[in-house]
Amino acid sequence: MNPRPVRVEQALDLLPDLDDLMPLREALLVASRQDEARAWAASGAYGTLDTRLTDAATLEEALPAVIAKVQRRIALVYGEVVSAMRALEAGDLAAAAGALVAAGEAEEEAGRLAAAERFYGKAAEIGRRPRDRRQEGLGLRRLARVAKARGELARALDLYERGFTIAEAQRDREGMVVACQGLGNVLVEQGRWAEAEASYQRGLTLLAGDGPSRLLWQLESNLSVVARRAGRLEESAEWLERARLTVERIGDAAGRTYVYNAEGLLRVARGDPAAAEPAYREALASAGSPVETARVLVNLVESLLLQHRITEAEAAVRRLEQIAVTHGLIATLPYVYRALGGVARARGEEDGFVFYEQALELCRESRLPDFEAALTQLEYAGFEAELGRAESALARLAEARAVFAALNTWPELARVEAAIAELRRDAGSGDDSKEEG
Amino acid sequence: MTARGVLLIGVDETSAEAVCAAAGACGLGVRASAGLGEGLRSLGEGGWLATFLSLQLEGAELELAERVAAEKGAGALVLLASRPTVQLTMEAVRRGAREVMEVPLAAARVEKLLAGLSGSAEGRIPLPEVVDGGGDAVGSSPQLLEVFKVVARVAPSAATVLVTGESGTGKELVARAIHEASERARGPFVPVNCAAIPEDLLESELFGHERGAFTGAVARKIGRFERASGGTLFLDEIGDMSLVLQAKILRALQEREIERLGGEERIRVDVRVVAATHRDLAALIDAEEFREDLFYRLAVVRLHLSALREREGDMRELALHYSAHFAAEYARPVGYLAESALARLAEHDWPGNVRELRNVLERAVLVATSDTLRADDIQIDRSRGARQTGETLPGYSPKLSMAELEKLHIARVLEAAGGHLGRAAEILGMHRNTVSRKAQEYGLASDGSR
């Protein structure tokens, strides 16, 4: 009998939930393809990661590259441990801590956050002993970065603060600036604009007198983000212009993409999503990596949805899905499926609920931060509310509220509260013709 | 008013020569204005087919371009720039420019543009009026008319109907037509795509569930069977349903009762079922992947929708219909479909049938730059969903040489094209003679090659 390709969901079902199998799991997704037989079927529009096809032969062909990648990581990590031992023998504990940080970075790069966290933790512990404690500060900042990636915002804040204190005591100016930036980024996620702004400003003050640098444009653009999110759009534009000038002075290609992207976001905030499109297209043209392209596409999709250009939004989000799958950007996929859910919602397609279910499943299986799952529940609730399923929508909103409250992310919390209030108002108005049960 | 020709404002000498050559080829005159003032005066005379404005001219900014584009007499505004960026192009088009071209100009590109604008190169067909509520049941082929005759006959009965046909032929449209012509028309029409919904979710979608029936059952849910009570339930892509669910559907059809997941109550449902599939159910029955008893329960009346390529004349009618529909939906000033565009559409095999044609025309309307959809606006993705004669093959091995890969691919394309060399050549983007020669070289040729 000829082998038949299987659906990704069937193949994934074979794999036990082991960290060591994550590269294989990722390879399986990357090697998957759309089911061409469904290209024109009505169900083709509802294709998700799970319904893509894969086969053993294709996976087998990908194995040498996967194994080589794993070997490279192991060689790097073990090599850094040897370096740490050599430093220990030489009595250089700071260098030992530095090697452990490098080992953690190799793990973090591979998406192995738990392993990275342990190396960083060990580095911070070892780095506390010598007189030069800058590596302790670096270890704490790396720990904070991992905590933020996992959605543990309170812990990330604490670690950045501790990292800043160490850097300050060590007169490590760059360490202090990076800690300020990290703190600001976490505070932005929590919607604490004034505190975030103060943190970025502090970083900027520390850089005063230095020439243009990557850190400088990042802080300037971060200040633009805060001003935009706080609704001070003219100020946001001024900061963005400063960031653009810094980027041009140092000729930073990634910075150029970032600035164009931010320009698009600013135009959306000004209420003109159509005007954002040229900026996003320019950002896409200058994007140097799949991660950058994906980041811009997310915003382009949002602006198209805002303009109700549903067909174009769907095409852009499918392009984003392809990039995310091909390059293993799994964390982007929940957004992809929420956006496709939004497309289905705009078209009044009830079967679109499959996209939210796929996003939730991805959050569970790929152990993405709780924030992602909560955001999905929030949007899923909107989809269900529109179908008249108020009870189900309210249950989802309650779940989302619990997560956002625990993370202290008030912008999302405010969205949930508003959605709950609206649902209750509708129920109270007596229009329960579509109510279930 | 007859167009005067082409107006040039601030265009450099080399570019002006290119425009003159292109305009000459289209039988158009050219007037060149060196300065902005003179150019604006000429513009005021109106009636230009196209205006070329150089952004290198002092004082010529996008704001000016926007003003020129708004002038009725300017015709199509073409901006000339030394290094047009994506941002400039997008912004210029947003402000009303038809094109942004890089200087020095390529005469061929200008000629193509002017030929398109003047309509000198081809004939065009006016689009029909868009009728509100007209629906998408468009066509006059004998096959389509026969289907709708049967729809009219069977709709008033309570019989279940099985609609078959390739993907994209409009099976849901037929199901809706049956519903609307039936006595249940005032009741709900509830579609469910059985292949779109994962197996573990489909059962609760169809039959509903009680709160807490399983993890994630946060509230009671009314299933689609229950919601369709008094109306029609359309089970699309039923051939993709698992045997377990097929048994449950059969039971629901026989007993006219369902039970929500996690519930104990039997609930009566008064539902007419219309099912559809693009798969060969007889073959699935032979392979024991589809229940024969369910097949006979569903296929009391059978309707088959022909593929678009078999429906003489329908493609043209549908193309005009969708062009008009999307022009109205997106408020685009498209009023004609060029014969060349129709010819391009006619060359395609339409594996995705009406759904594919609809998508192609939607995109064409969105990208069109004049009042006429032209061949250049028609973009067909030939790689997508080509008709398949067998199971989807796994990806090509990277261990193959180019020659081996070419042999394999030509063999597959020839198979898909039914041995038709001309059709295979079209898919492969090669000359027919090249395909014939390569087929001989690789030992793929058969006497039956056409």
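The values are calculated or read from the model by the stated rules, or taken from the named source; none is laboratory data. Every value quoted in this text rests on a predicted model; they were computed, and no experiment measured them. All Cβ positions, glycine included, derive from the backbone under ideal geometry; neighbour counts span all protein chains shown. Please note that ligands, DNA and RNA were not included when accessible areas were found on the heavy atoms of the full protein model with its side chains. Shrake-Rupley method; radii C 1.70, N 1.55, O 1.52, S 1.80 Å.
Exactly one of (1) without any contact (Cβ under 8 Å) to a residue 24 or more places away in the chain; (2) under 17 Å from the mean Cα position of the chain (by Cα) is unmet by residue A:363. Its number?
For residue A:363, the exception is condition (1).
Pull up region A:1-20, narrow it to residues that are part of a loop (DSSP other than H, G, I, E, B) and open to solvent by less than 80 Å² (accessible area, probe 1.4 Å), then point me to the one that is farthest from the other protein chains (Cβ to nearest Cβ).
Out of the qualifying residues, it is A:16.
Yes/no matrix, rows are residues, columns are (1) open to solvent by less than 30 Å² (accessible area, probe 1.4 Å); (2) without any contact (Cβ under 8 Å) to a residue 40 or more places away in the chain; (3) under 29 Å from residue A:406 (Cβ atoms); (4) assigned to a helix (DSSP H, G or I):
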{"site": "A:175", "(1), (2), (3), (4)": "yes, no, no, yes"}
{"site": "A:181", "(1), (2), (3), (4)": "yes, no, yes, yes"}
{"site": "A:200", "(1), (2), (3), (4)": "yes, yes, yes, yes"}
{"site": "A:205", "(1), (2), (3), (4)": "no, yes, no, yes"}
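Given the structure, is residue B:439 at pLDDT 70 or above, open to solvent by less than 70 Å² (accessible area, probe 1.4 Å), part of a helix (DSSP H, G or I) and touching a helix residue (DSSP H, G or I) at 6+ places or on another chain (Cβ under 7 Å)?
yes
Can you confirm whether region B:162-172 contains a residue that is open to solvent by 30 Å² or more (accessible area, probe 1.4 Å), modelled with pLDDT of 85 or more, outside any loop (DSSP other than H, G, I, E, B) and farther than 25 Å from residue B:240 by Cβ?
Checked region B:162-172: no residue is open to solvent by 30 Å² or more (accessible area, probe 1.4 Å), modelled with pLDDT of 85 or more, outside any loop (DSSP other than H, G, I, E, B) and farther than 25 Å from residue B:240 by Cβ.
Going through region A:379-402 one residue at a time, which ones are away from chain B (no Cβ under 14 Å) and either outside any helix (DSSP H, G or I) or open to solvent by less than 40 Å² (accessible area, probe 1.4 Å) (or both)?
If the condition is that a residue be away from chain B (no Cβ under 14 Å) and either outside any helix (DSSP H, G or I) or open to solvent by less than 40 Å² (accessible area, probe 1.4 Å) (or both), then A:382 is the only one that fits.
If only one of B:263, B:239 is of a type outside the set (Lys, Arg) and either at pLDDT 95 or above or open to solvent by 10 Å² or more (accessible area, probe 1.4 Å) (or both), which one is it?
From the options B:263, B:239, the qualifying one is B:263.
Being facing chain A (nearest Cβ under 9 Å), part of a loop (DSSP other than H, G, I, E, B) and out of contact with any strand residue (DSSP E or B) (no Cβ under 8 Å at 6 or more places or on another chain) is the filter; apply it to region B:197-223 and report the residue that is surrounded by the fewest Cβ atoms within 10 Å (Cβ to Cβ).
B:216
For the condition within 14 Å of chain B (Cβ to nearest Cβ) and open to solvent by less than 20 Å² (accessible area, probe 1.4 Å), what is the one hit in A:56, A:41, A:62, A:144?
A:41
Checking the condition open to solvent by 40 Å² or more (accessible area, probe 1.4 Å) and either within 14 Å of chain A (Cβ to nearest Cβ) or in contact with an Asp or Glu (Cβ under 9 Å, 6 or more places away or on another chain) (or both), which residue from B:339, B:310 passes?
The match here is B:339.
Rundown of residues vs (1) buried (at least 17 other Cβ atoms within 10 Å of the Cβ); (2) at pLDDT below 95; (3) in a helix (DSSP H, G or I), yes/no style:
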{"residue": "A:321", "(1), (2), (3)": "yes, no, yes"}
{"residue": "A:333", "(1), (2), (3)": "yes, no, yes"}
{"residue": "A:337", "(1), (2), (3)": "yes, no, yes"}
{"residue": "A:341", "(1), (2), (3)": "yes, no, yes"}
{"residue": "A:348", "(1), (2), (3)": "no, yes, no"}
{"residue": "A:354", "(1), (2), (3)": "yes, no, yes"}
{"residue": "A:358", "(1), (2), (3)": "yes, no, yes"}
{"residue": "A:362", "(1), (2), (3)": "yes, yes, yes"}
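Given the structure, is residue A:115 among the hydrophobic types (A, V, I, L, M, F, W, C) and surrounded by fewer than 24 Cβ atoms within 10 Å (Cβ to Cβ)?
yes
So is residue A:99 open to solvent by less than 20 Å² (accessible area, probe 1.4 Å), more than 10 Å from every other protein chain (Cβ to nearest Cβ) and either farther than 20 Å from residue A:19 by Cβ or in contact (Cβ under 8 Å) with a residue 60 or more places away in the chain (or both) or not?
For residue A:99, the condition - open to solvent by less than 20 Å² (accessible area, probe 1.4 Å), more than 10 Å from every other protein chain (Cβ to nearest Cβ) and either farther than 20 Å from residue A:19 by Cβ or in contact (Cβ under 8 Å) with a residue 60 or more places away in the chain (or both) - is met.
From A:255, A:251, A:264, A:288, which residue is open to solvent by less than 60 Å² (accessible area, probe 1.4 Å), farther than 17 Å from residue A:200 by Cβ and away from chain B (no Cβ under 14 Å)?
Step by step, each of A:255, A:251, A:264, A:288 is checked, and only A:251 is open to solvent by less than 60 Å² (accessible area, probe 1.4 Å), farther than 17 Å from residue A:200 by Cβ and away from chain B (no Cβ under 14 Å).
Return the total of residues in region B:143-185 being in contact with a helix residue (DSSP H, G or I) (Cβ under 8 Å, 6 or more places away or on another chain), in contact (Cβ under 8 Å) with a residue 12 or more places away in the chain and more than 14 Å from chain A (Cβ to nearest Cβ).
13
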